[in-house]
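This report concerns only the one structure given below.
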Amino acid sequence: MVAVNTTTSAKRQPATSSNGDSSSSSSKRTKLTRIGAGMAGFLGLYALLNFCLFPKQRKLVVPSGVHLLNATTLLDVDHHQNNGDDDDVCFAYDGILLISYADEDGFATVFFLYILNQLLYAEKHNLLPWIHLDSQTSIHVYDEQEHGGEAVMQVTVLNGLEWDNYTDPHNGQTYEYPGTPILNYKHPKSTSTDVTIEGTGIWNSYFDLPSRLHPLRHLLHPSTSSSSSSSSSCHIKPIFQLSLKQIEPSLMVFCPYCVRAWRRKSTPPVLAQWSLPYQQWFDPMRRRAHGIIRRHYRPTEQMTRLAHQANPVVTAQEDACLALHIRHSDKADRRMPIALSEFRPYVEEYINAAVFVGTTIAVYVATDSNQVLRDIQTEWPVTLSSYVRFQNHVLRSDNTTAVFAMHNVQHHNTNTEVLVDILAMAECEFMVHGMSAVTEAVHYLNLKLHNQSVNLEEEEMTMARSNKYIHKRKPTMTPNEFGTMVRKRLYEKRKAAKAQNEDASVKQGGEQQDDNGEAQQP
């Protein structure tokens, strides 16, 4: 080793000490090297400062693949729903959840079960929701004339996720449901799909946007669009989407924290909890859904106005109305239509209680059956039917065909009619109903109805010798019990309203006295 080093040193000596010219050349090269190193350092520092101080010039760090195809439609949406906030709406989130899939079902099921459960998923996994429903969502809620339009944006979304599971102790089966989304494009389990965004979206016709995310302003990179927000980090956030196979049945049936409108035949026994009455079974789900409704569901001014026209909001604080939801067209999966005669005793008890206490009487009927309304007018006495109100000039069924599945139906009209019924019933203090997505939507909006409503499809479970439950239909309350509850509740409302009016009178009297005292001063 020493000999090699010595030889190498000997060979290098002539290059550094041959004469003066050689020494001068070496000095020049050293100066050039120092100048080059200084320039490189300066350029590096410039690039770093430019990256930090001028984010508009950053390149997309994740391949979100958002491409604008037609800005006109999105500009219309932004114009109507832009509240002027340009802060970073995506900052606190790990990614964005594009919600656009549902099963081929009606308005209430799509909006208050499929969409709501995906919003629960978004909150659980810290994803900012982006709802855009179009022709790919459900043929029973999409209306070409109202919701149609050209393709406006193409988005590459991630679909890969980890699956959570549990083993049901009742039958030994293992059930999987969507777990943590894979938001890393380079992950081995990562998969992606190209999604085309069409039109203005179905959601926007009935509700305001659930978040302040606006595609044109927040998703496009600032360097590619003058309309985009320079303060938003949304364009570097991964966009995730649950596929329809991941939603149904995995999310809708097997997910333990999701909500359901009734026990399906396919509901795992550990989630069905057959020994519990529906009243107890619904309680935690309605509370979770109520939170989602308060945070994300804001009906448009038009929908709210139509609901108030159908069921005018009572002005007196002690007044309360009764809602009846009577569905007769397409009940299935362990549910049966309930005869109108089963509703009548509860209406009578409500009216008797209201007359006894001395409050306003109003009975709002939401039904998909023309025959139900005809029977109310012909079979109920005027002392009952005169208090009934309902939506006029709406489409209802004359058979077992669901309204949303009828031929040549305009889905925007039926969507509006269902939502108006839901909002109108949610204004009431009491409710009598069967089981459906519409009924649950009303409870989600007005959580007080959980203890002030009667489920006529409540089941009483008894264990047979074969270790199987025998189901017997038994309403939540008898008509007598319902009348007692209504009378008590109306008394409480009247007492609270009286106390509030007295407080207001005292306060107003004090203000007038103060005004008189000031006036008497010189």
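The values are calculated or read from the model by the stated rules, or taken from the named source; none is laboratory data. Predicted model, so just to flag it, every value in this text is computed and none were measured. As a convention, Cβ positions derive from the backbone with ideal geometry for all residues, glycine included, and neighbour counts pool all protein chains shown. SASA here: full protein model, heavy atoms, side chains in, ligands and nucleic acids out. Shrake-Rupley method; radii C 1.70, N 1.55, O 1.52, S 1.80 Å.
Open to solvent by less than 30 Å² (accessible area, probe 1.4 Å), in a strand (DSSP E or B), out of contact with any Pro (no Cβ under 6 Å at 6 or more places or on another chain) and among the β-branched types (Val, Ile, Thr): does that describe Val141? Don't jump to the end; show me each part of the working.
Working: open to solvent by less than 30 Å² (accessible area, probe 1.4 Å): yes; in a strand (DSSP E or B): no; out of contact with any Pro (no Cβ under 6 Å at 6 or more places or on another chain): yes; among the β-branched types (Val, Ile, Thr): yes.
Answer is no for this residue.
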From the option list Asp168, Asp134, single residue qualifying as in contact with a strand residue (DSSP E or B) (Cβ under 9 Å, 6 or more places away or on another chain), of a type outside the set (Ser, Thr, Tyr) and under 19 Å from Ile202 (Cα atoms) is Asp134
Considering only residues that are in contact with a Leu (Cβ under 6 Å, 6 or more places away or on another chain) and closer than 25 Å to Gly106 by Cβ, which ones fall in the stretch 191-210?
Gly201, Ile202, Trp203, Tyr206
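For the stretch 173-184, how many residues meet the condition of being open to solvent by less than 60 Å² (accessible area, probe 1.4 Å) and either outside any loop (DSSP other than H, G, I, E, B) or without any contact (Cβ under 8 Å) to a residue 60 or more places away in the chain (or both)?
Kept after step one, since they are open to solvent by less than 60 Å² (accessible area, probe 1.4 Å), are these residues of the stretch 173-184: 175, 177-179, 181-183.
The next check asks that each one be either outside any loop (DSSP other than H, G, I, E, B) or without any contact (Cβ under 8 Å) to a residue 60 or more places away in the chain (or both); those that pass are 175, 177-179, 181-182.
Summing the residues that are open to solvent by less than 60 Å² (accessible area, probe 1.4 Å) and either outside any loop (DSSP other than H, G, I, E, B) or without any contact (Cβ under 8 Å) to a residue 60 or more places away in the chain (or both) in the stretch 173-184 gives 6.
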Show the residue pairs that are 6+ apart or on different chains and have beta-carbon atoms under 9 Å apart, the first residue being within the stretch 153-172 and part of a strand (DSSP E or B), the second being among the charged types (D, E, K, R) and at pLDDT 95 or above.
Trp163/Glu176; Asp164/Glu176; Asn165/Glu176; Tyr166/Glu176
Tally, over the stretch 185-198, of residues that are touching a residue at least 40 places away in the same chain (Cβ under 8 Å) and in a loop (DSSP other than H, G, I, E, B)
1
For the stretch 437-451, give me each residue that is among the hydrophobic types (A, V, I, L, M, F, W, C) and either more than 15 Å from Ala108 (Cα to Cα) or free of Cβ contacts under 8 Å to residues at least 12 places away in the same chain (or both).
Leu447, Leu449
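Right, His412: assigned to a helix (DSSP H, G or I) and modelled with pLDDT under 95 or not? Lay out the reasoning, then the answer.
Numbers: assigned to a helix (DSSP H, G or I): yes; modelled with pLDDT under 95: yes.
Against the criterion (assigned to a helix (DSSP H, G or I) and modelled with pLDDT under 95), His412 qualifies.
For residues that are outside any helix (DSSP H, G or I) and either surrounded by 20 or more Cβ atoms within 10 Å (Cβ to Cβ) or of a type in the set (Val, Ile, Thr) (or both), tally how many sit in the stretch 348-366. Can you show your working first?
First pass over the stretch 348-366, keeping only residues outside any helix (DSSP H, G or I): 358-366.
Those still in the list that are either surrounded by 20 or more Cβ atoms within 10 Å (Cβ to Cβ) or of a type in the set (Val, Ile, Thr) (or both) too: 359-366.
Number satisfying all stated conditions: 8.
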Only residues that are open to solvent by 10 Å² or more (accessible area, probe 1.4 Å) and either of a type in the set (A, V, I, L, M, F, W, C) or touching a helix residue (DSSP H, G or I) at 6+ places or on another chain (Cβ under 8 Å) (or both): list them for the stretch 436-454, please.
Val438, Leu445, Asn446, Leu447, His450, Gln452
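This table checks each residue for (1) among the small types (Gly, Ala, Ser); (2) over 30 Å from His187 (Cα atoms); (3) modelled with pLDDT under 95.
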position: Thr224; (1), (2), (3): no, no, yes
position: Gln241; (1), (2), (3): no, no, no
position: Arg260; (1), (2), (3): no, yes, no
position: Asp283; (1), (2), (3): no, yes, no
position: His290; (1), (2), (3): no, yes, no
position: Ile293; (1), (2), (3): no, yes, no
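Can you give me the number of residues within the stretch 97-115 that are more than 19 Å from Phe207 (Cα to Cα) and either more than 20 Å from the chain's Cα centre (by Cα) or at pLDDT 95 or above (or both)? Show your work before the answer.
The initial filter retains those residues of the stretch 97-115 that are more than 19 Å from Phe207 (Cα to Cα), namely 103-104.
Now drop any that are not either more than 20 Å from the chain's Cα centre (by Cα) or at pLDDT 95 or above (or both), which leaves none.
Result for the stretch 97-115: 0.
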Can you pull out the residues in the stretch 249-282 that are surrounded by 15 or more Cβ atoms within 10 Å (Cβ to Cβ) and charged (D, E, K, R)?
Arg260, Arg263, Arg264
